[in-house]
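The structure appears below as C-alpha coordinates.
The values are calculated or read from the model by the stated rules, or taken from the named source; none is laboratory data. Note that this is a predicted model, so its numbers are computed, not measured. Heads up, the Cβs are rebuilt from the backbone with ideal geometry, glycines too, and the neighbour counts pull from every protein chain shown. Accessible surface areas use protein heavy atoms only, side chains included; no ligands, DNA or RNA. Shrake-Rupley method; radii C 1.70, N 1.55, O 1.52, S 1.80 Å.
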Amino acid sequence: MPVNQQILLDNRPHGEATVDNFKLVETATPALQDGEVLVRHHYLSLDPYMRGRMNDSKSYAASQALGEVMIGGTVGEVVESRHPKFQPGDQVVGMGGWQLYSVVDGNAPGMLRKVDTTHVPLSYYLGAVGMPGVTAWYGLVKIIQPKAGETVVVSAATGAVGSAFAALAKARGCRVVGIAGGAEKCAYATGELGFDACIDYKAHPDLKSMAKALKDACPDGIDGYFENVGGYILDAVLLRANAFARVAVCGMIAGYDGQPLPLANPALILINRMKVEGFIVSEHMDVWPEALTELGTLVAQGKLRPRESIAHGLQNAPEAFLGLLKGKNFGKQLVQLV
Ligand SMILES: NC(=O)c1ccc[n+]([C@@H]2O[C@H](COP(=O)([O-])OP(=O)(O)OC[C@H]3O[C@@H](n4cnc5c(N)ncnc54)[C@H](OP(=O)(O)O)[C@@H]3O)[C@@H](O)[C@H]2O)c1
(Lines give C-alpha, C1' and ligand atoms only; values in the text may rest on other atoms or scores of the structure.)
Protein backbone atom coordinates (compact mmCIF):
# COMPACT_ATOMS: atom_id res chain seq x y z
CA MET A 1 0.00 0.00 0.00
CA PRO A 2 1.30 3.52 -0.81
CA VAL A 3 2.58 6.00 1.77
CA ASN A 4 -0.05 8.68 2.25
CA GLN A 5 0.32 12.40 2.96
CA GLN A 6 -2.40 14.11 4.96
CA ILE A 7 -3.15 17.60 6.24
CA LEU A 8 -4.67 17.64 9.70
CA LEU A 9 -6.39 20.41 11.61
CA ASP A 10 -3.77 20.94 14.31
CA ASN A 11 -5.36 23.78 16.31
CA ARG A 12 -8.30 26.18 15.97
CA PRO A 13 -7.99 29.73 14.65
CA HIS A 14 -8.54 32.77 16.85
CA GLY A 15 -9.90 35.34 14.38
CA GLU A 16 -8.17 34.89 11.03
CA ALA A 17 -7.08 31.36 10.11
CA THR A 18 -3.34 30.88 9.46
CA VAL A 19 -1.11 28.18 7.96
CA ASP A 20 -0.08 27.27 11.53
CA ASN A 21 -3.58 25.85 12.13
CA PHE A 22 -2.66 22.94 9.81
CA LYS A 23 -0.13 20.11 10.01
CA LEU A 24 1.23 17.93 7.19
CA VAL A 25 1.93 14.29 8.14
CA GLU A 26 2.95 11.07 6.38
CA THR A 27 1.07 7.88 7.24
CA ALA A 28 0.82 4.32 6.03
CA THR A 29 -2.30 3.43 4.00
CA PRO A 30 -4.18 0.53 5.63
CA ALA A 31 -4.67 -2.69 3.66
CA LEU A 32 -8.13 -2.96 2.07
CA GLN A 33 -10.89 -4.94 3.76
CA ASP A 34 -13.74 -6.56 1.80
CA GLY A 35 -16.00 -3.88 0.29
CA GLU A 36 -13.31 -1.17 0.41
CA VAL A 37 -11.77 0.86 -2.39
CA LEU A 38 -8.43 2.70 -2.55
CA VAL A 39 -8.68 6.03 -4.37
CA ARG A 40 -5.76 8.15 -5.54
CA HIS A 41 -6.87 11.79 -5.48
CA HIS A 42 -6.15 13.89 -8.55
CA TYR A 43 -7.74 17.12 -7.29
CA LEU A 44 -8.79 18.41 -3.89
CA SER A 45 -11.54 21.03 -3.71
CA LEU A 46 -11.04 24.03 -1.42
CA ASP A 47 -14.30 25.63 -0.32
CA PRO A 48 -15.25 28.50 2.00
CA TYR A 49 -17.39 26.22 4.25
CA MET A 50 -14.17 24.63 5.54
CA ARG A 51 -13.41 27.82 7.47
CA GLY A 52 -16.60 27.35 9.52
CA ARG A 53 -15.69 23.74 10.29
CA MET A 54 -12.37 24.90 11.80
CA ASN A 55 -14.26 26.66 14.60
CA ASP A 56 -15.63 24.91 17.64
CA SER A 57 -18.97 26.71 17.61
CA LYS A 58 -22.59 25.77 17.04
CA SER A 59 -23.41 25.50 13.35
CA TYR A 60 -25.45 23.45 10.89
CA ALA A 61 -22.63 20.87 10.75
CA ALA A 62 -20.26 19.37 13.30
CA SER A 63 -16.84 20.99 13.76
CA GLN A 64 -13.78 19.45 12.20
CA ALA A 65 -12.12 17.37 14.94
CA LEU A 66 -8.59 18.36 15.95
CA GLY A 67 -5.87 15.97 14.78
CA GLU A 68 -8.03 14.58 11.97
CA VAL A 69 -7.69 14.94 8.21
CA MET A 70 -9.31 18.15 6.96
CA ILE A 71 -12.67 17.48 5.32
CA GLY A 72 -12.89 18.11 1.57
CA GLY A 73 -14.28 16.99 -1.77
CA THR A 74 -11.94 15.07 -4.08
CA VAL A 75 -11.89 13.56 -7.55
CA GLY A 76 -9.54 10.78 -8.53
CA GLU A 77 -9.00 7.29 -9.75
CA VAL A 78 -9.62 3.89 -8.20
CA VAL A 79 -6.24 2.16 -7.86
CA GLU A 80 -7.32 -0.95 -5.98
CA SER A 81 -10.75 -2.37 -5.20
CA ARG A 82 -12.32 -5.07 -3.09
CA HIS A 83 -15.80 -3.94 -4.10
CA PRO A 84 -17.55 -5.44 -7.16
CA LYS A 85 -18.97 -2.05 -8.28
CA PHE A 86 -15.56 -0.34 -8.55
CA GLN A 87 -12.62 -1.33 -10.76
CA PRO A 88 -9.08 0.08 -10.99
CA GLY A 89 -9.15 2.98 -13.46
CA ASP A 90 -12.67 4.14 -12.56
CA GLN A 91 -12.85 7.92 -12.16
CA VAL A 92 -14.70 8.89 -9.02
CA VAL A 93 -15.84 11.83 -6.94
CA GLY A 94 -16.08 11.65 -3.16
CA MET A 95 -15.22 13.31 0.11
CA GLY A 96 -11.66 12.03 0.40
CA GLY A 97 -10.32 14.97 2.43
CA TRP A 98 -6.98 16.80 2.34
CA GLN A 99 -4.80 13.77 1.54
CA LEU A 100 -3.28 11.94 -1.42
CA TYR A 101 -5.20 8.69 -0.97
CA SER A 102 -8.38 7.58 0.76
CA VAL A 103 -9.77 4.18 1.65
CA VAL A 104 -13.52 4.29 1.10
CA ASP A 105 -16.30 1.91 2.10
CA GLY A 106 -17.84 1.23 -1.32
CA ASN A 107 -21.17 0.32 0.31
CA ALA A 108 -21.61 3.59 2.21
CA PRO A 109 -24.39 5.55 0.46
CA GLY A 110 -23.17 8.64 -1.42
CA MET A 111 -19.50 8.25 -0.40
CA LEU A 112 -18.12 7.45 -3.85
CA ARG A 113 -19.68 8.09 -7.26
CA LYS A 114 -18.32 7.12 -10.67
CA VAL A 115 -18.19 10.00 -13.16
CA ASP A 116 -18.03 10.21 -16.94
CA THR A 117 -15.29 12.49 -18.30
CA THR A 118 -16.24 12.23 -21.99
CA HIS A 119 -17.70 15.75 -22.10
CA VAL A 120 -16.90 17.09 -18.63
CA PRO A 121 -13.30 17.30 -17.35
CA LEU A 122 -12.70 15.42 -14.09
CA SER A 123 -11.97 18.57 -12.05
CA TYR A 124 -15.34 20.14 -13.00
CA TYR A 125 -17.05 17.55 -10.78
CA LEU A 126 -15.72 19.58 -7.84
CA GLY A 127 -16.99 22.87 -9.27
CA ALA A 128 -19.48 23.68 -12.01
CA VAL A 129 -20.81 20.10 -12.21
CA GLY A 130 -20.46 19.45 -8.50
CA MET A 131 -21.41 20.90 -5.14
CA PRO A 132 -20.86 24.60 -6.03
CA GLY A 133 -22.88 24.26 -9.26
CA VAL A 134 -25.76 22.58 -7.45
CA THR A 135 -25.60 25.35 -4.84
CA ALA A 136 -26.13 27.97 -7.54
CA TRP A 137 -28.91 25.87 -9.04
CA TYR A 138 -30.78 25.44 -5.74
CA GLY A 139 -30.65 29.10 -4.76
CA LEU A 140 -31.70 30.29 -8.20
CA VAL A 141 -34.30 27.69 -9.13
CA LYS A 142 -35.86 26.86 -5.77
CA ILE A 143 -35.56 30.12 -3.85
CA ILE A 144 -35.29 33.00 -6.32
CA GLN A 145 -37.55 31.23 -8.85
CA PRO A 146 -36.84 33.78 -11.59
CA LYS A 147 -39.12 34.67 -14.47
CA ALA A 148 -37.71 35.60 -17.88
CA GLY A 149 -36.94 39.31 -18.02
CA GLU A 150 -36.32 39.68 -14.29
CA THR A 151 -33.07 41.08 -12.92
CA VAL A 152 -31.00 38.84 -10.65
CA VAL A 153 -27.77 39.77 -8.86
CA VAL A 154 -25.03 37.57 -7.39
CA SER A 155 -22.02 38.47 -5.24
CA ALA A 156 -18.66 36.61 -5.43
CA ALA A 157 -19.73 36.53 -9.08
CA THR A 158 -16.65 34.99 -10.69
CA GLY A 159 -16.21 32.18 -8.14
CA ALA A 160 -17.30 28.57 -8.38
CA VAL A 161 -20.89 29.28 -7.36
CA GLY A 162 -21.20 32.69 -9.05
CA SER A 163 -20.05 31.52 -12.46
CA ALA A 164 -22.54 28.64 -12.51
CA PHE A 165 -25.26 31.04 -11.34
CA ALA A 166 -24.65 33.26 -14.38
CA ALA A 167 -25.07 30.43 -16.89
CA LEU A 168 -28.20 29.10 -15.15
CA ALA A 169 -29.81 32.53 -14.91
CA LYS A 170 -29.02 33.43 -18.53
CA ALA A 171 -30.62 30.12 -19.58
CA ARG A 172 -33.80 31.37 -17.87
CA GLY A 173 -33.82 34.67 -19.75
CA CYS A 174 -32.80 36.93 -16.85
CA ARG A 175 -30.74 40.08 -16.77
CA VAL A 176 -27.77 38.90 -14.68
CA VAL A 177 -25.62 41.34 -12.73
CA GLY A 178 -22.51 40.30 -10.83
CA ILE A 179 -20.57 41.88 -7.98
CA ALA A 180 -16.88 40.96 -7.79
CA GLY A 181 -13.57 42.21 -6.46
CA GLY A 182 -11.49 44.07 -9.05
CA ALA A 183 -11.65 45.29 -12.64
CA GLU A 184 -10.06 42.09 -14.00
CA LYS A 185 -12.67 39.83 -12.41
CA CYS A 186 -15.46 42.11 -13.65
CA ALA A 187 -14.11 42.17 -17.22
CA TYR A 188 -14.00 38.37 -17.13
CA ALA A 189 -17.58 38.23 -15.76
CA THR A 190 -19.01 40.21 -18.68
CA GLY A 191 -16.57 38.99 -21.34
CA GLU A 192 -16.53 35.27 -20.57
CA LEU A 193 -19.24 34.29 -18.08
CA GLY A 194 -22.17 35.99 -19.78
CA PHE A 195 -23.03 38.56 -17.11
CA ASP A 196 -24.89 41.59 -18.49
CA ALA A 197 -23.03 43.86 -16.08
CA CYS A 198 -20.58 43.49 -13.21
CA ILE A 199 -19.83 45.87 -10.35
CA ASP A 200 -16.35 46.04 -8.84
CA TYR A 201 -17.12 46.41 -5.11
CA LYS A 202 -13.56 47.55 -4.45
CA ALA A 203 -14.34 50.67 -6.53
CA HIS A 204 -17.57 51.10 -4.50
CA PRO A 205 -16.43 50.55 -0.92
CA ASP A 206 -19.42 52.12 0.87
CA LEU A 207 -23.19 51.75 0.91
CA LYS A 208 -24.02 54.97 -0.98
CA SER A 209 -21.60 54.29 -3.81
CA MET A 210 -22.64 50.61 -4.13
CA ALA A 211 -26.34 51.52 -4.14
CA LYS A 212 -25.70 54.01 -6.96
CA ALA A 213 -23.73 51.41 -8.95
CA LEU A 214 -26.58 48.90 -8.51
CA LYS A 215 -29.10 51.49 -9.65
CA ASP A 216 -27.10 52.03 -12.86
CA ALA A 217 -26.61 48.29 -13.49
CA CYS A 218 -30.22 47.35 -12.59
CA PRO A 219 -32.42 50.06 -14.13
CA ASP A 220 -35.56 47.96 -13.47
CA GLY A 221 -34.60 47.20 -9.86
CA ILE A 222 -33.59 43.82 -8.40
CA ASP A 223 -35.97 40.85 -8.35
CA GLY A 224 -33.60 38.20 -7.02
CA TYR A 225 -30.34 38.31 -5.09
CA PHE A 226 -28.00 35.39 -4.47
CA GLU A 227 -26.06 36.35 -1.34
CA ASN A 228 -22.50 35.07 -0.94
CA VAL A 229 -20.83 37.88 0.97
CA GLY A 230 -22.91 39.88 3.48
CA GLY A 231 -22.28 43.35 4.92
CA TYR A 232 -22.85 46.63 3.08
CA ILE A 233 -23.37 44.82 -0.25
CA LEU A 234 -26.55 43.25 1.15
CA ASP A 235 -27.63 46.64 2.49
CA ALA A 236 -27.20 48.17 -0.96
CA VAL A 237 -29.18 45.35 -2.63
CA LEU A 238 -32.06 45.87 -0.16
CA LEU A 239 -32.17 49.53 -1.16
CA ARG A 240 -32.60 48.60 -4.84
CA ALA A 241 -34.89 45.58 -4.36
CA ASN A 242 -38.29 45.48 -6.02
CA ALA A 243 -41.50 44.56 -4.22
CA PHE A 244 -41.63 40.78 -3.63
CA ALA A 245 -37.91 40.33 -4.36
CA ARG A 246 -36.34 37.04 -3.23
CA VAL A 247 -32.97 36.64 -1.52
CA ALA A 248 -31.23 33.24 -1.43
CA VAL A 249 -28.80 33.45 1.48
CA CYS A 250 -26.01 31.09 0.48
CA GLY A 251 -22.93 32.47 2.23
CA MET A 252 -21.59 35.48 4.12
CA ILE A 253 -17.88 35.15 3.53
CA ALA A 254 -17.12 38.70 4.70
CA GLY A 255 -17.85 37.45 8.23
CA TYR A 256 -16.16 34.01 8.23
CA ASP A 257 -13.28 35.18 10.44
CA GLY A 258 -15.78 36.44 13.02
CA GLN A 259 -16.34 39.98 11.72
CA PRO A 260 -19.81 41.35 12.64
CA LEU A 261 -22.14 41.94 9.67
CA PRO A 262 -24.79 44.40 10.85
CA LEU A 263 -27.76 45.19 8.61
CA ALA A 264 -28.48 48.92 8.22
CA ASN A 265 -32.11 48.82 7.05
CA PRO A 266 -33.81 45.49 7.85
CA ALA A 267 -37.20 47.25 7.61
CA LEU A 268 -36.77 47.13 3.81
CA ILE A 269 -37.51 43.39 3.98
CA LEU A 270 -40.95 44.31 5.30
CA ILE A 271 -41.47 47.39 3.15
CA ASN A 272 -40.59 45.41 -0.01
CA ARG A 273 -42.46 42.25 1.23
CA MET A 274 -39.33 40.23 0.49
CA LYS A 275 -38.58 36.54 0.90
CA VAL A 276 -35.18 35.91 2.51
CA GLU A 277 -34.23 32.24 2.78
CA GLY A 278 -31.00 30.57 3.84
CA PHE A 279 -30.11 27.07 2.65
CA ILE A 280 -27.43 24.38 2.85
CA VAL A 281 -27.04 22.47 -0.40
CA SER A 282 -26.22 19.13 1.26
CA GLU A 283 -29.68 19.16 2.85
CA HIS A 284 -31.33 19.04 -0.58
CA MET A 285 -29.92 15.86 -2.11
CA ASP A 286 -33.21 15.28 -3.94
CA VAL A 287 -32.44 18.08 -6.44
CA TRP A 288 -28.85 17.04 -7.19
CA PRO A 289 -29.59 14.68 -10.14
CA GLU A 290 -31.72 17.30 -11.94
CA ALA A 291 -29.26 20.11 -11.19
CA LEU A 292 -26.19 18.07 -12.24
CA THR A 293 -27.87 17.09 -15.50
CA GLU A 294 -28.54 20.73 -16.39
CA LEU A 295 -25.06 21.86 -15.32
CA GLY A 296 -23.36 19.03 -17.26
CA THR A 297 -25.38 19.93 -20.35
CA LEU A 298 -24.43 23.62 -20.09
CA VAL A 299 -20.74 22.62 -19.88
CA ALA A 300 -21.02 20.18 -22.80
CA GLN A 301 -22.73 22.92 -24.88
CA GLY A 302 -19.98 25.43 -24.03
CA LYS A 303 -22.48 27.70 -22.26
CA LEU A 304 -20.74 27.26 -18.89
CA ARG A 305 -16.98 27.63 -19.16
CA PRO A 306 -15.76 27.94 -15.59
CA ARG A 307 -12.27 29.09 -14.73
CA GLU A 308 -10.09 27.24 -12.23
CA SER A 309 -7.34 28.41 -9.87
CA ILE A 310 -5.02 25.46 -9.38
CA ALA A 311 -2.45 25.14 -6.59
CA HIS A 312 0.07 22.33 -6.98
CA GLY A 313 0.94 19.84 -4.26
CA LEU A 314 -0.84 18.98 -1.02
CA GLN A 315 1.66 21.05 1.00
CA ASN A 316 0.32 24.19 -0.71
CA ALA A 317 -3.32 23.53 0.21
CA PRO A 318 -3.37 25.66 3.42
CA GLU A 319 -1.99 28.75 1.68
CA ALA A 320 -4.37 28.31 -1.27
CA PHE A 321 -7.27 27.94 1.16
CA LEU A 322 -6.39 31.13 3.04
CA GLY A 323 -6.07 32.90 -0.32
CA LEU A 324 -9.59 31.75 -1.28
CA LEU A 325 -10.97 33.44 1.82
CA LYS A 326 -9.36 36.69 0.67
CA GLY A 327 -10.38 36.53 -3.00
CA LYS A 328 -6.95 35.55 -4.33
CA ASN A 329 -8.58 32.72 -6.28
CA PHE A 330 -9.93 33.45 -9.75
CA GLY A 331 -12.64 30.84 -10.28
CA LYS A 332 -12.92 27.43 -8.63
CA GLN A 333 -9.99 26.84 -6.22
CA LEU A 334 -8.44 23.39 -6.54
CA VAL A 335 -5.26 21.64 -5.49
CA GLN A 336 -3.74 19.29 -8.05
CA LEU A 337 -2.28 16.24 -6.34
CA VAL A 338 -0.84 14.16 -9.20
N1 LIG B 1 -25.13 27.33 1.49
C2 LIG B 1 -24.43 26.38 0.90
O3 LIG B 1 -24.82 25.20 0.88
C4 LIG B 1 -23.15 26.74 0.21
C5 LIG B 1 -22.50 25.82 -0.62
C6 LIG B 1 -21.35 26.24 -1.31
C7 LIG B 1 -20.87 27.53 -1.16
N8 LIG B 1 -21.51 28.38 -0.33
C9 LIG B 1 -21.07 29.77 -0.17
O10 LIG B 1 -21.05 30.35 -1.45
C11 LIG B 1 -20.10 31.40 -1.49
C12 LIG B 1 -19.21 31.24 -2.70
O13 LIG B 1 -18.51 30.01 -2.60
P14 LIG B 1 -17.51 29.55 -3.74
O15 LIG B 1 -17.10 28.17 -3.44
O16 LIG B 1 -18.09 29.87 -5.07
O17 LIG B 1 -16.24 30.48 -3.47
P18 LIG B 1 -15.57 31.47 -4.52
O19 LIG B 1 -16.56 32.49 -4.91
O20 LIG B 1 -14.91 30.67 -5.58
O21 LIG B 1 -14.43 32.14 -3.61
C22 LIG B 1 -14.78 33.00 -2.57
C23 LIG B 1 -14.86 34.44 -3.09
O24 LIG B 1 -15.48 35.24 -2.11
C25 LIG B 1 -15.11 36.58 -2.35
N26 LIG B 1 -14.84 37.26 -1.08
C27 LIG B 1 -14.02 36.87 -0.10
N28 LIG B 1 -14.04 37.77 0.91
C29 LIG B 1 -14.89 38.74 0.54
C30 LIG B 1 -15.32 39.94 1.17
N31 LIG B 1 -14.89 40.31 2.37
N32 LIG B 1 -16.21 40.70 0.50
C33 LIG B 1 -16.65 40.34 -0.71
N34 LIG B 1 -16.27 39.20 -1.36
C35 LIG B 1 -15.39 38.42 -0.72
C36 LIG B 1 -13.85 36.55 -3.20
O37 LIG B 1 -14.19 37.02 -4.49
P38 LIG B 1 -13.92 38.55 -4.90
O39 LIG B 1 -12.48 38.64 -5.26
O40 LIG B 1 -14.84 38.77 -6.02
O41 LIG B 1 -14.22 39.35 -3.69
C42 LIG B 1 -13.51 35.07 -3.28
O43 LIG B 1 -12.92 34.74 -4.52
C44 LIG B 1 -19.38 31.36 -0.14
O45 LIG B 1 -19.96 32.32 0.71
C46 LIG B 1 -19.67 29.97 0.37
O47 LIG B 1 -19.59 29.87 1.76
C48 LIG B 1 -22.62 28.00 0.37
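Overview of values
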{"item": "Sparse-neighbourhood loop sites, trypsin sites (Lys or Arg not before Pro) in the stretch 238-284 - DSSP loop, at most 13 other Cβ within 10 angstrom", "result": "Arg273"}
{"item": "Charged-residue dipole, Cβ positions (Lys, Arg, Asp, Glu), the chain about Cα centre, Debye nearest 20", "result": "880 debye"}
{"item": "The stretch 21-67: chymotrypsin sites (Phe, Trp or Tyr not before Pro) falling in loop per DSSP and having at most 15 other Cβ within 10 Å", "result": "Tyr60"}
{"item": "For Thr151, distant residues with modelled amide H under 5 Å away", "result": "Arg175, Asp223, Gly224"}
{"item": "Amide proton proximity set for Ala311, modelled H, under 5 Å, gap of 5+", "result": "Leu334, Val335, Gln336"}
{"item": "Calculated from backbone phi, Karplus (6.51, -1.76, 1.60) coupling profile of the stretch 41-49 in Hz, x at Gly/Pro", "result": "7, 8, 9, 10, 8, 10, 9, x, 4"}
{"item": "The stretch 238-284 - convex hull of the alpha-carbon atoms, volume per residue in Å³", "result": "91 Å³"}
{"item": "Dmax and Rg, reported as Rg then Dmax, of the stretch 192-338 (C-alpha, Å)", "result": "17.7, 54"}
{"item": "List Asp10, Asp220, ordered by accessible area with a 1.4 Å probe, largest first", "result": "Asp220, Asp10"}
{"item": "P(r) of the chain over all Cα-Cα pairs, binned every 20 Å from zero, in whole percent", "result": "31, 56, 13, 0"}
{"item": "Accessible area per residue in Å² at 1.4 Å probe, computed on the chain", "result": "44 Å²"}
{"item": "The chain: relative contact order as a whole-number percent, Cα under 8 Å and 6+ apart", "result": "17 percent"}
{"item": "Helical mean residue ellipticity (222 nm; -39500 (n - 2.57) per DSSP H run of 4+; nearest 500) of the chain", "result": "-6500 deg cm²/dmol"}
{"item": "Accessible surface of the chain, 1.4 Å probe, proportion on carbon and sulfur as whole %", "result": "53 percent"}
{"item": "Cut-off under 5 Å, modelled amide H: who pairs with Phe279 long-range", "result": "Val249"}
{"item": "Kirkwood estimate for the stretch 131-282, i.e. one over the average of 1/r between Cα atoms, Å", "result": "14.9 Å"}
{"item": "DSSP bridge orientation in the chain - percent antiparallel, rounded to nearest 5", "result": "55 percent"}
{"item": "All Cα pairs of the stretch 6-118, percent lying beyond 20 Å", "result": "45 percent"}
{"item": "Charged-residue dipole, Cβ positions (Lys, Arg, Asp, Glu), the stretch 95-214 about Cα centre, Debye nearest 20", "result": "300 debye"}
